[in-house]
Amino acid sequence: MILKATVLLIALFALQRVWQLSPGFGIHSKGYIHRPGPCRTVKPIQTGSEDITLTDNGIAFISSGLRLNLCKQLFDKKIQQFTGRIYKFNFNDPGHAAVEVALPRELEKDFNPHGVSHWKDASSDELWLFVVNHRKDNDNVEVMKYNHELNSLSLVRSVQSTMFTSVNDILAVGPNSFYASNDGYFHGCLRPLEVVVGLALGSVVFFDGVTASLVVQRQSDLNSMALSKDGTRLFLTKTFEQQINIFNISKENGNLMFDRAIDVGVSIDNIYADPVSDDLWLGAHSSMFLLSQHMTNLDVKAPSKVVRVHPLGLETDRFESYELHSPFGDDGRLISGSSSAVYYQEKMLVGSISDTLVFCDIIV
Ligand SMILES: *[C@@H]1O[C@H](CO)[C@@H](O)[C@H](O)[C@H]1NC(C)=O
């Protein structure tokens, strides 16, 4: 009896201690405003700019209007009314608004875009856009050709696979080949449970143009991907674990060999690898708690943060050592729930899951 009472007392004391210490673990993190220079929202985007892919000559393609297919009951109803779109933003002419890109006819009625990536042919300048599309029936990877004159996309192929359980991001490595990351397995309201219980059902799929194969298996918490400048490394983000995993890519079969992890110390979403400096740019969430409140009610603001990982290592192993920078922060009033960031010649774009798109000049 006395033993039981003592155990109960210790348990209560421990619980109280955990609660007292919880601010130190970031549960009550706030968004701090920090600008690298003048920043403004980009019209007309107000329904998210979840992912951004950037060409080497400064053209950004942005996915907008993502209707998360996780547990609709938990999210703001407005999100289900969003329309899926692709926007184009030109860094060489940043005074202009983002322009909507005409979708292929086949996709007009069934378009719910998530991760985006592109492949550009170095000799012909031909551009393919790859988009994760949560279609009504299943997740597809839409491979599309971009027409510069008409500012339109035509469908080249739709790739489906039983290995596409819950595709989040896509990374093109050729006009017809890509990696796709599954952030989990279950859809609907089983997904939050999958996260809480810690079932490791996420994976990375490699598609070589003909067949799909699993190259990363039984991992939890996978999010987005980027490719190193020389094409030999793949960067994969883990949101709750606040990590970037770096893999070596096998030239023969596309297999991935885990090399090292970078701890970022904040929940990270999409990743962009700058081909000029090798810097990694991350859209991040300073408070997953406030983000979840924002997703439940879009009128509640969630903080935004951008992280830049600057490598210090030699050419053979760039990320042997590195510095972490924090170029942008917001309390959620300019942009809530930052999910992506890309950089081009002293300028950057910051994207969000369900909110605005922000452009900043970088002068510091
Ligand atoms: C990855 O590649 C680097 C550079 O070639 C090499 O030093 C490292 O050992 C490789 N790691 C793995 C796990 O293959």
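Assorted remarks:
- Count - residues of region 276-328 that are away from the ligand (no atom under 16 Å from the Cβ) and part of a strand (DSSP E or B): 19
- Residue match in region 180-202 (condition: surrounded by 13 or more Cβ atoms within 10 Å (Cβ to Cβ) and among the basic types (Lys, Arg)): yes
- Residue identified as closer than 20 Å to LEU54 by Cα, within 16 Å of the ligand (Cβ to nearest atom), surrounded by 21 or more Cβ atoms within 10 Å (Cβ to Cβ) and touching a residue at least 24 places away in the same chain (Cβ under 8 Å) among LEU236, LEU227: LEU236
- Test: residue in region 353-364 that is touching a helix residue (DSSP H, G or I) at 6+ places or on another chain (Cβ under 9 Å) and of a type outside the set (A, V, I, L, M, F, W, C): yes
- Test: residue in region 84-91 that is in a loop (DSSP other than H, G, I, E, B) and buried (at least 16 other Cβ atoms within 10 Å of the Cβ): yes
- Which numbered condition GLY209 misses (of (1) at pLDDT 95 or above; (2) within 16 Å of the ligand (Cβ to nearest atom)): (2)
- Looking across region 239-251, the residues that are of a type outside the set (S, T, N, Q), away from the ligand (no atom under 13 Å from the Cβ) and in a loop (DSSP other than H, G, I, E, B) come down to PHE240, GLU241.
- Scanning region 52-83 for residues that are touching a residue at least 40 places away in the same chain (Cβ under 8 Å), part of a loop (DSSP other than H, G, I, E, B) and β-branched (Val, Ile, Thr) yields one hit, THR55.
- Any strands (runs of 3 or more DSSP E) falling wholly within region 126-189 and containing at least 3 residues that are closer than 17 Å to VAL101 by Cβ, under 17 Å from the mean Cα position of the chain (by Cα) and basic (Lys, Arg): none
The values are calculated or read from the model by the stated rules, or taken from the named source; none is laboratory data. Please read all numbers here as calculations on a predicted model, not as lab measurements. All Cβ positions, even for glycine, are placed from backbone atoms using ideal geometry, and neighbour counts span all protein chains on display.
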